[in-house]
1. Of Cys95, Gln4, Ala52, which is farthest along the charge dipole of the chain in the positive direction, counting Lys and Arg as +1 and Asp and Glu as -1 at C-beta?
2. Sorting Val104, Val121 by accessible area (1.4 Å probe), largest first, what list results?
3. Summing +1 for each Lys or Arg and -1 for each Asp or Glu, what net charge is found among the other residues whose Cβ lies under 14 Å from the Cβ of Leu103?
4. Enter the Cα centre distance for the pair the stretch 64-123 and the stretch 1-30, rounded to the nearest angstrom.
5. What does the accessible area of Met56 come to, in Å² to the nearest 10, when a probe of 1.4 Å is used?
6. How much accessible area per residue does the stretch 1-69 have, counting only protein heavy atoms and a probe of 1.4 Å, in square angstrom?
7. In whole Hz and in residue order, list the ³J(HN,Hα) couplings for the stretch 81-89 that follow from phi through the Karplus curve 6.51 cos²θ - 1.76 cosθ + 1.60, θ = phi - 60°; x for Gly and Pro.
8. Students often forget the sequence filter, so: which aspartates and glutamates lie under 13 Å Cα-Cα from Lys64 once same-chain residues fewer than 8 apart are removed?
Amino acid sequence: VQLQASGGGQVQAGGSLRLSCAASGGSIVNNAMAWFRQAPGKEREIIAAIRAGGSMTYYADSVKGRFTISRSNTKNTVYLQMNSLKSEDTAVYYCAGWLRANLVRDTTPPTYWGQGTQVTVSS
């Protein structure tokens, strides 16, 4: 499976962006998926995740209430709607997926990674 992230760009604080992560070469219907981000000088962090089927989601405290992760099985795509963006949201955003369907609290790294897409929020 290959993941292609898109939708990044530059936006003013308070604005919105929607990131897309399109999968090819296989279906991600049965895979838990996530968005990570890495800001300059910081470690990559998970910010949102969604189980196969979409019935369960996870959000980091830093984005809770502002970001929404969703998925479309028909389009084999995962989305990240980002609202009320702040300058501290500036980072490279990556989509990723595990071989399992469920969200679990462990440190198992995702199997699939997309290339990053830059999000820059100006204040």
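The values are calculated or read from the model by the stated rules, or taken from the named source; none is laboratory data. These numbers come from a predicted model, not from an experiment. With ideal geometry, Cβ positions are generated from the backbone for all residues, glycine too; neighbour counts draw on all protein chains shown. Keep in mind that these areas ignore ligands, DNA and RNA; they rest on the heavy atoms of the full protein, side chains included. Shrake-Rupley method; radii C 1.70, N 1.55, O 1.52, S 1.80 Å.
1. Ala52
2. Details: Val104 70, Val121 10 Å².
Sorted by accessible area, descending: Val104, Val121.
3. Details: positive: Arg51, Arg71, Arg100, Arg105; negative: Asp106.
Counting the neighbours of Leu103, the net charge comes to +3.
4. 7 Å
5. Only protein atoms counted, so the area is about 100 Å².
6. Details: 3520 Å² over 69 residues.
Per-residue accessible area for the stretch 1-69 comes out at 51 Å².
7. 8, 10, 10, 6, 5, 10, 4, 6, 7
8. Straight-distance partners of Lys64: Asp89.
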